[in-house]
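Presented below is the structure to which this report refers.
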Amino acid sequence: MAAKRVLVVAGIGNGSGTGASTARLFAKNGYSVALIARGGDFVNKLANEINTSGGHAAPFVIPSYAHADVTAAWTAITSAFPKPEYTIRAALFNTAYGVWKPFLEVTPAEVQESLETNVAAAFAFARGAILAFKENEVEEANGKRGALIFTGATASARGNTTTSAFAAGKFGTRALSQSLAKEFGKENIHVAHAIIDGAILTDRQRDRNSPEWQNNADVRLSPDSIAASYLYLVNQDRSAWTWELDLRPAHEKW
């Protein structure tokens, strides 16, 4: 019997955004899902939703995205999804810390948090994923041992007047993903970075915007559509795979 594929997701927010949509979609496509999050309420609710819908998900609540906490989560995940019954084939780093302030108003604590969450936590998460993938055999269907995806933002490639701290962190995430793609592609480990260039239709954005905005797919990103792009990345074969793609609604100014 073939091992069941596992997706590990870090960062699911309140269950209305990209991380949660990705977890739901992969579960519908036969993956077991490991959910890493700082808050227990939303991640437990999402895991229960997936399980009652016929999928398989397990929550892993951590106190912070510090290296030790992320590493502990990976240890717990590999124990909960042991080989040979399971094989971790996909991982999504979807958490971030954003600061939107003029430069002189940014505090040292905000700079530190941006670097810790967007860079240091990404390093810790990537390390857990790469170590898990290196234990896998190359899949015949797509020629890879695993796929690691980082969710980026407009600030990943372009600074702006109020994004000095945020862009510094997201530039770091992007650089990490590119370095890993070059280092581990030779081992058939696929690393990709997705620039999400626009507002995503989450509960928070619904509260901030009009019903007209919510109903206009030309001006906002659907988290379900982002998730579909992530599944596409994971399924790409080794003869033509993507390091970076950017996703934006049709009418986004760029």
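The residue that is nearest to the chain's Cα centre (by Cα), counting only those in segment 61-70 that are surrounded by 14 or more Cβ atoms within 10 Å (Cβ to Cβ) and not in a helix (DSSP H, G or I), is Y65. Scanning segment 194-235 for residues that are in contact with a His (Cβ under 7 Å, 6 or more places away or on another chain) and surrounded by 13 or more Cβ atoms within 10 Å (Cβ to Cβ) turns up just one, V219.
Looking across A58, A73, A96, one residue alone is in a strand (DSSP E or B) and among the hydrophobic types (A, V, I, L, M, F, W, C). It is A58.
Of all residues in segment 196-254, exactly one satisfies the criterion of being part of a loop (DSSP other than H, G, I, E, B), over 30 Å from N142 (Cα atoms) and among the aromatic types (F, W, Y), namely W254. What about F150, is it within 21 Å of the chain's Cα centre (by Cα), within 18 Å of V8 (Cα to Cα), modelled with pLDDT of 95 or more and assigned to a helix (DSSP H, G or I)? Against the criterion (within 21 Å of the chain's Cα centre (by Cα), within 18 Å of V8 (Cα to Cα), modelled with pLDDT of 95 or more and assigned to a helix (DSSP H, G or I)), F150 does not qualify. Quick one: which residue in G11, G40, G15, G54 is of a type outside the set (D, E) and closer than 22 Å to S177 by Cβ? Just a single option satisfies the conditions, and that option is G11. Looking at the structure I just gave you, is A73 out of contact with any Ser or Thr (no Cβ under 9 Å at 6 or more places or on another chain) and either under 27 Å from K182 (Cα atoms) or touching a residue at least 60 places away in the same chain (Cβ under 8 Å) (or both)? The answer is yes for A73.
To keep it simple, each residue is scored yes or no on (1) free of Cβ contacts under 8 Å to residues at least 60 places away in the same chain; (2) under 16 Å from the mean Cα position of the chain (by Cα).
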| residue | (1), (2) |
| --- | --- |
| N142 | no, no |
| A168 | yes, no |
| A181 | no, yes |
| N188 | yes, no |
| H193 | yes, yes |
| D197 | yes, yes |
| Y230 | no, yes |
| V234 | no, yes |
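Quick check: is even one residue across segment 50-60 more than 18 Å from the chain's Cα centre (by Cα) and on the phi > 0 side of the Ramachandran plot? Yes - at least one qualifying residue is present in segment 50-60. Put simply, of F123, F133 the only residue that is part of a helix (DSSP H, G or I) and either among the acidic types (D, E) or buried (at least 23 other Cβ atoms within 10 Å of the Cβ) (or both) is F133.
Has segment 172-181 got at least one residue that is surrounded by 15 or more Cβ atoms within 10 Å (Cβ to Cβ), at pLDDT 95 or above, touching a Lys or Arg at 6+ places or on another chain (Cβ under 7 Å) and part of a helix (DSSP H, G or I)? No, segment 172-181 contains no residue that is surrounded by 15 or more Cβ atoms within 10 Å (Cβ to Cβ), at pLDDT 95 or above, touching a Lys or Arg at 6+ places or on another chain (Cβ under 7 Å) and part of a helix (DSSP H, G or I).
Is there a residue in segment 82-90 that is under 16 Å from the mean Cα position of the chain (by Cα), under 18 Å from T18 (Cα atoms) and surrounded by 22 or more Cβ atoms within 10 Å (Cβ to Cβ)? Yes, that holds for at least one residue. Among the residues of segment 10-49, those identified as in a helix (DSSP H, G or I), small (G, A, S) and either surrounded by fewer than 18 Cβ atoms within 10 Å (Cβ to Cβ) or over 13 Å from the mean Cα position of the chain (by Cα) (or both) are A27, G40, A47.
Only one of the numbered conditions (1) out of contact with any strand residue (DSSP E or B) (no Cβ under 8 Å at 6 or more places or on another chain); (2) at pLDDT 95 or above is not met by G15, and that is (2).
The values are calculated or read from the model by the stated rules, or taken from the named source; none is laboratory data. Owing to the predicted nature of the structure, the values given are computational and were not obtained by experimental measurement. Every residue, glycine as well, gets a Cβ built from its backbone with ideal geometry; the counts of neighbours run over all protein chains shown.
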